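To keep things clear, I will list the structure first and then write my remarks on it.
The values are calculated or read from the model by the stated rules, or taken from the named source; none is laboratory data. Quick caveat: nothing in here was measured; it's all calculated off a predicted structure. Note that each Cβ is placed from the backbone with ideal geometry, even for glycine, and that neighbours are counted across all protein chains shown.
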Amino acid sequence: MRAKCFILLTAIGIAAIEAMALDIALPHETGAFKQDTGAEIANGQCLTCHSVEYVLMQPPMPRAFWKSSVQKMQQKYGAPIPDQQVDALADYLTKNYGVGTNGASAATPVHTQSTPPNLTTTATTDGPKLAMKYGCFTCHNPTSKIIGPAYREIAAKYKTDPEALTKIDQQIHKGGSGKWGPVIMPPFPQINAAETKVLADWILGLK
């Protein structure tokens, strides 16, 4: 009898614990790096694993520190940072977060750019080149899933959606997670409206 009571109480206790379990949803990334030459590399490479706050927590340091940090992420932790971007990224971090800078005002709120497309704002109107420029291929591939979905999957999902361009625009500028899994996509507010349309048109045109 005691054994039965013990089993019953144990079952009730387990059920109570399960009922108390909470789903924890992490907030979306709402910050981006300071706008300057090299910001597109920082947003494309660093925000894949870190928030802006990770950089803000670092004390102002010289270029050697930032370059060694970038190389450590690249060589030790396997960050897919191309060798040709290491110096540019170190220069950007040093100028905006290194010695002689004030990192307290570094986080820039993300907002959707509402300015009308102006094709004269960029000389590059090629989707793959823009994806390379902003580090999109770190997480995406045209045909296969890496961290984020393949671009062909995105094209298939929005094939018949009349709001496809708007949704892709918001995803690029605001980032977020949930549409394709729990992995957070960093925001890219520095991509202008014309470039966003070129990227979206290229992605939606993949078959």
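For residues that are at pLDDT below 85, over 13 Å from Gly44 (Cα atoms) and of a type outside the set (Ser, Thr, Tyr), tally how many sit in the stretch 77-90.
Total meeting the criteria: 1.
Which residues, taken from the stretch 40-76, are modelled with pLDDT under 80, among the small types (Gly, Ala, Ser) and touching a Phe, Trp or Tyr at 6+ places or on another chain (Cβ under 9 Å)?
Gly44
List, please: which pairs have Cβ atoms under 7 Å, are six or more places apart or on different chains, and start with a residue in the stretch 46-60 that is farther than 14 Å from Val99 by Cα and end with one that is in a helix (DSSP H, G or I) and of a type in the set (S, T, N, Q)?
Going by the 7 Å Cβ cut-off, the qualifying pairs are Thr48/Thr138.
From the residues in the stretch 33-63 that are within 14 Å of the chain's Cα centre (by Cα) and in a loop (DSSP other than H, G, I, E, B), which one is surrounded by the most Cβ atoms within 10 Å (Cβ to Cβ)?
Phe33
For the subset of the stretch 64-79 comprising residues that are in a loop (DSSP other than H, G, I, E, B) and touching a Cys at 6+ places or on another chain (Cβ under 9 Å), which member is farthest from Thr138 (Cα to Cα)?
Looking at residues that are in a loop (DSSP other than H, G, I, E, B) and touching a Cys at 6+ places or on another chain (Cβ under 9 Å), I get Tyr77.
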